[in-house]
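Engineer: Pasting in a structure now, in structure tokens, and then I'll have a few things to ask.
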Amino acid sequence: MNFHTRKWIKPQDLNPNRSLFGGRLLEWIDEEAALYAIIQLENPRTVTKYISEIDFKASAREGDIIEIGLEPLKFGTASITLKCEVRNKMTRETIITIDKIVMVGLDEDGNAKPHGKTEIEYVKNRLDK
């Protein structure tokens, strides 16, 4: 799993229990998955279609640094399916896991747009073409 983004837990990210608010974490995960999928599918009109069961394993506190990891599982005709893990950067303790996030690329009319991709591409490799 590649960990792409780090977040520093600040006071505005906390719930009344003084731990990381789950909704904030899900917002960050959704944004990270969207950015990853947009780059892979080369389609800025990529949206979240499905998020499987979310398993909160531990909490994060103010001052903690967390990292969001994504792993591509498969390409569909117009989609990419990802797996996610968020962990504490310093302790490596897993905070949350999501087994499946499905992102779909859309056309101008909001319909699924086939992308023709079958494997992960890196931008540097696209530039070499």
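The values are calculated or read from the model by the stated rules, or taken from the named source; none is laboratory data. Bear in mind that the values here come from a model prediction, so they are computed numbers and not experimental data. Reconstructed Cβ throughout: ideal geometry from the backbone, glycine too, with neighbour counts over all protein chains shown. For accessibility, only protein heavy atoms count, side chains too; no ligands or nucleic acids. Shrake-Rupley method; radii C 1.70, N 1.55, O 1.52, S 1.80 Å.
Engineer: Averaging over all projection directions, find the projected area of the Cα convex hull of the chain and quote it in nm² with one decimal place.
Structural biologist: Average of the hull's projected areas for the chain equals 8.9 nm².
Engineer: For Leu35 and His4, calculate 0.36 nm times their separation in residues minus their Cα-Cα distance, and state this gained length in nm to one decimal.
Structural biologist: So the extension gain works out to 10.1 nm.
Engineer: Skip the ligands, DNA and RNA, and give the accessible area per residue of region 40-129 with a 1.4 Å probe, whole Å².
Structural biologist: 60
Engineer: With charges set only on the Cβ (+1 for Lys and Arg, -1 for Asp and Glu), what does the dipole of region 46-129 come to about its Cα centre, in debye to the nearest 20?
Structural biologist: My answer is approximately 220 debye.
Engineer: Amide H to amide H, which residues 5 or more places from Phe21 or on other chains are under 5 Å from it, using H placed in the peptide plane?
Structural biologist: The list, which skips near neighbours in sequence, is Leu14, Asn15.
Engineer: For Glu53 and Leu73, compute 0.36 nm times the residue count separating them, minus their Cα-Cα distance, and round to one decimal in nm.
Structural biologist: Extending this stretch completely gives an extra 5.6 nm.
Engineer: Points 7 angstrom from Cα along the Cβ direction at Gln12 and Asp99: gap in nanometres?
Structural biologist: In this crude label model, Gln12 to Asp99 measures out at 3.6 nm.
Engineer: Order 86-94, 24-32 from most to least packed using the mean count of other Cβ atoms within 10 Å.
Structural biologist: Peptide ranking by packing, descending: 24-32, 86-94.
Engineer: Right, here's the next one. Summarise the accessible area of the chain (1.4 Å probe, protein heavy atoms) by the percent that is carbon and sulfur.
Structural biologist: 48
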